[in-house]
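Below is one structure; the comments refer to it alone.
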Amino acid sequence: MRIAWRTVLVVCAAFSAVFPALADEGLDKARAMMVAMHGERCAQNPPPDEDWADRAWPLQWRDAFQAADEPDRRARLMRLYCDSGAYNVLHAWFVETDEGVSPLAFAAPAFDVSRATDEFDSAVTGIKVTGMLSELMLVNSNYDPASGMIAMASMWRGIGDAFSTGEWRMVEGAPVLKTYEVDASYDGEQTPRAIYKAE
């Protein structure tokens, strides 16, 4: 997946149903949980841009085991701002149901990059998946209600020629990993490799 980095930090309003951050009990509970889980860095600074502020979207689905006469399940998907650097913004994600607020964990591949030499920007000779991780934070992430996908794009340096991207589909209120790509080349071009793709 090629990344247009000029648009990574622009969140389309049409893709986001924004819920007010003030007087929102669900978001307040999620924020308190995030600070308890990740520390005071998530409570120190405001987001760098309004587009990266706390947001929430309605979810609706049917569980596989539901009877035909049972109502659809409903929830809210919430993205909370934690911290940011020069070109990456960090968010935690939560789901609010009638049972309360829960953090989301995102499956992601662990991997090793092999290079022609010990230099960080030498040619990539291979990328090996070594297992799976569970991420509680995503970088430069957003939700698209039309596709039901959460996407992230983590820049490894400012010019955007080395990065990792992932996409998760919300299925029955939980994120399911669909694709994960890595460009470890540092060669001035975007040449991502898919290291995970769901069947």
query = Do we find a residue being under 20 Å from Lys29 (Cβ atoms), charged (D, E, K, R) and in a strand (DSSP E or B) anywhere in segment 124-136?
reply = no
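Strands (runs of 3 or more DSSP E) wholly in segment 58-113 with at least 2 residues that are of a type in the set (Lys, Arg) - which ones?
On the way: elements: 73-84, 89-97, 100-103.
Those strands (runs of 3 or more DSSP E) span 73-84.
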query = Restricting the first residue to segment 32-47 and requiring it to be under 21 Å from Val95 (Cα atoms), which pairs with a second residue that is β-branched (Val, Ile, Thr) and surrounded by 13 or more Cβ atoms within 10 Å (Cβ to Cβ) meet a Cβ separation below 6 Å and a spacing of at least six or different chains?
reply = Cys42/Val35; Ala43/Val35
request  = Could you look through segment 12-44, keep only residues that are modelled with pLDDT under 85 and of a type in the set (A, V, I, L, M), and pick out the one that is nearest to Ala105 (Cα to Cα)?
outcome  = Ala43
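Which of the residues belonging to segment 180-194 are surrounded by 18 or more Cβ atoms within 10 Å (Cβ to Cβ) and in a strand (DSSP E or B)? Working first, answer last.
Here is the first cut: in segment 180-194, the ones surrounded by 18 or more Cβ atoms within 10 Å (Cβ to Cβ) are 180-186, 192.
Listed by number, the residues that qualify are Tyr180, Glu181, Val182, Asp183.
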note = Scanning segment 111-146 for residues that are over 16 Å from the mean Cα position of the chain (by Cα) and among the aromatic types (Phe, Trp, Tyr), the one farthest from Asp83 (Cα to Cα) turns out to be Phe120
message = Here are the criteria: (1) modelled with pLDDT of 95 or more; (2) assigned to a loop (DSSP other than H, G, I, E, B); (3) polar (S, T, N, Q); (4) more than 25 Å from Gln60 (Cβ to Cβ). Tell me which single one Ser147 does not satisfy.
response = (4)
task = Name every residue in segment 39-60 that is in contact with an Asp or Glu (Cβ under 9 Å, 6 or more places away or on another chain) and surrounded by fewer than 16 Cβ atoms within 10 Å (Cβ to Cβ), in order of residue number.
result = Arg41, Gln44, Asn45, Gln60
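Scan segment 157-172 for residues that are surrounded by 18 or more Cβ atoms within 10 Å (Cβ to Cβ), under 19 Å from the mean Cα position of the chain (by Cα) and either hydroxyl-bearing (Ser, Thr, Tyr) or not in a strand (DSSP E or B) (or both) and report the count. Full working, then the answer.
Our first condition is that a residue be surrounded by 18 or more Cβ atoms within 10 Å (Cβ to Cβ); within segment 157-172, this holds for 160-168, 170.
After this cut, where a residue has to be under 19 Å from the mean Cα position of the chain (by Cα) as well, the list is 160, 162-168, 170.
Still in the running and either hydroxyl-bearing (Ser, Thr, Tyr) or not in a strand (DSSP E or B) (or both): 160, 162, 164-165.
The total comes to 4.
Has segment 58-65 got any residue that is polar (S, T, N, Q), within 21 Å of Asp144 (Cα to Cα) and over 17 Å from the mean Cα position of the chain (by Cα)? Working first, answer last.
Filtering segment 58-65 down to residues polar (S, T, N, Q) leaves 60.
Keeping just the survivors that are within 21 Å of Asp144 (Cα to Cα) gives 60.
Narrowing further to those that are over 17 Å from the mean Cα position of the chain (by Cα): 60.
Checking segment 58-65: at least one residue is polar (S, T, N, Q), within 21 Å of Asp144 (Cα to Cα) and over 17 Å from the mean Cα position of the chain (by Cα).
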request  = Could you check, for segment 133-145, whether at least one of its residues is touching a residue at least 12 places away in the same chain (Cβ under 8 Å), crowded, with 18+ Cβ neighbours inside 10 Å, over 29 Å from Asp49 (Cα atoms) and touching a strand residue (DSSP E or B) at 6+ places or on another chain (Cβ under 7 Å)?
outcome  = no
note = Glu99 vs (1) touching a helix residue (DSSP H, G or I) at 6+ places or on another chain (Cβ under 7 Å); (2) exposed (fewer than 13 other Cβ atoms within 10 Å of the Cβ); (3) of a type in the set (D, E, K, R): all pass except (1)
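The values are calculated or read from the model by the stated rules, or taken from the named source; none is laboratory data. From a predicted model like this one, the values you see are computed outputs, not experimental measurements. Positions of Cβ are generated from backbone atoms using ideal geometry, with glycine treated the same way; all protein chains shown enter the neighbour counts.
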